[in-house]
1. Of the numbered conditions (1) open to solvent by less than 40 Å² (accessible area, probe 1.4 Å); (2) in contact with a Leu (Cβ under 9 Å, 6 or more places away or on another chain), Ala134 satisfies every one except a single condition; which is it?
2. Does segment 189-208 hold any residues that are modelled with pLDDT of 95 or more and open to solvent by less than 90 Å² (accessible area, probe 1.4 Å), and which are they?
3. Out of Val139, Val102, Val125, which single residue is in contact with a strand residue (DSSP E or B) (Cβ under 6 Å, 6 or more places away or on another chain), among the β-branched types (Val, Ile, Thr) and exposed (fewer than 14 other Cβ atoms within 10 Å of the Cβ)?
4. In segment 111-126, is there at least one residue being touching a His at 6+ places or on another chain (Cβ under 6 Å), of a type outside the set (Val, Ile, Thr) and free of Cβ contacts under 8 Å to residues at least 24 places away in the same chain?
5. What tally of residues in segment 168-188 results from selecting those that are open to solvent by less than 70 Å² (accessible area, probe 1.4 Å) and farther than 18 Å from Asp58 by Cα?
6. Go through segment 116-163 and give me each residue that's more than 19 Å from Asp98 (Cα to Cα) and aromatic (Phe, Trp, Tyr).
7. From the residues in segment 46-71 that are outside any helix (DSSP H, G or I) and closer than 9 Å to Arg110 by Cβ, which one is least open to solvent (accessible area, probe 1.4 Å)?
8. Which numbered condition in (1) at pLDDT below 95; (2) under 23 Å from Asp191 (Cα atoms) is the only one that Ser87 fails?
Amino acid sequence: MMEQAAHLWKEQPIWIIVAAVVVLLLMIVWIIRAIRRHVARLRRLRLDPRRITIADIDEMEGWEFERYLHRLFSELGYDDAYKTKDSSDYGADLVFTDRLGVRNVLQAKRYQASQAIGLDAVQEVYGSMRYYQAERSLVLTSAERFTGSCQTLAGVNEVKLLGRDDLLFVIRCFKAGRYDEAMDLIESEADFLTSPWEQEEQQSEPLQALLRTGKGAKGRR
């Protein structure tokens, strides 16, 4: 039987043999990739901060990233870290109290590295502060950059922006046991910007004073 099968195989044209080998190799590659994806998926489902890498984060859904950050912040030492409800988070994904006793709200954005974070992230997290009675707000993302308008609005409202490099730093510090360094970055002051409207008002004050003086003088004549 085996000899007959071998004989039949030898009688096949060479192109059929090559095609069969290629198909077999492609199936093996597909199976290996499927196994790797399954293993990575299981690792992400466990969301163990000591095992999760930035490559894992890049494959996460938004809700996975939020839960991962919740566990990461909890294990960093923010014992009261609270993950808000997905359907009604009021603009914040995580609420925690820092080492100074200040309540923080955090908006998590799991974006591709090349994407830019826009205004909505700042608007959402800043708008959630009153609801959660928080004194400080942050945006933490896997993206590399923020739009100019996002940075301006964050600066005016003192919302702390943490991008991909910051996230990588926090992860490295956590895995190395340097928790205080990670928390120092998280709790560092936001970049402050003066509102362009405030600058405009300051520049126009002398003119407004002159106009008021002119009107007063006219009225006394």
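The values are calculated or read from the model by the stated rules, or taken from the named source; none is laboratory data. All figures in this text were calculated on a predicted structure; none of them were measured in a lab. Glycine gets a Cβ as well: all are built from the backbone with ideal geometry, and neighbour counts include every protein chain shown. With ligands, DNA and RNA removed, areas are computed over all heavy atoms of the protein, side chains included. Shrake-Rupley method; radii C 1.70, N 1.55, O 1.52, S 1.80 Å.
1. Looking at each condition in turn, Ala134 falls short on (2).
2. Ala190
3. Numbers: Val139 fails: exposed (fewer than 14 other Cβ atoms within 10 Å of the Cβ); Val125 fails: exposed (fewer than 14 other Cβ atoms within 10 Å of the Cβ).
That would be Val102, the only listed residue that is in contact with a strand residue (DSSP E or B) (Cβ under 6 Å, 6 or more places away or on another chain), among the β-branched types (Val, Ile, Thr) and exposed (fewer than 14 other Cβ atoms within 10 Å of the Cβ).
4. First pass over segment 111-126, keeping only residues touching a His at 6+ places or on another chain (Cβ under 6 Å): none.
Looking for residues that are touching a His at 6+ places or on another chain (Cβ under 6 Å), of a type outside the set (Val, Ile, Thr) and free of Cβ contacts under 8 Å to residues at least 24 places away in the same chain, one finds none in segment 111-126, hence no.
5. Start the filter on segment 168-188 by keeping residues that are open to solvent by less than 70 Å² (accessible area, probe 1.4 Å), which leaves 168-171, 173-174, 176-177, 179, 182-183, 185-188.
Narrowing the set further to residues that are farther than 18 Å from Asp58 by Cα leaves 173-174, 176-177, 179, 182-183, 185-188.
The qualifying residues number 11.
6. Hit for segment 116-163 is Phe146, nothing else.
7. Across segment 46-71, the extreme among qualifying residues is Met60.
8. Result: Ser87 fails condition (2) only.
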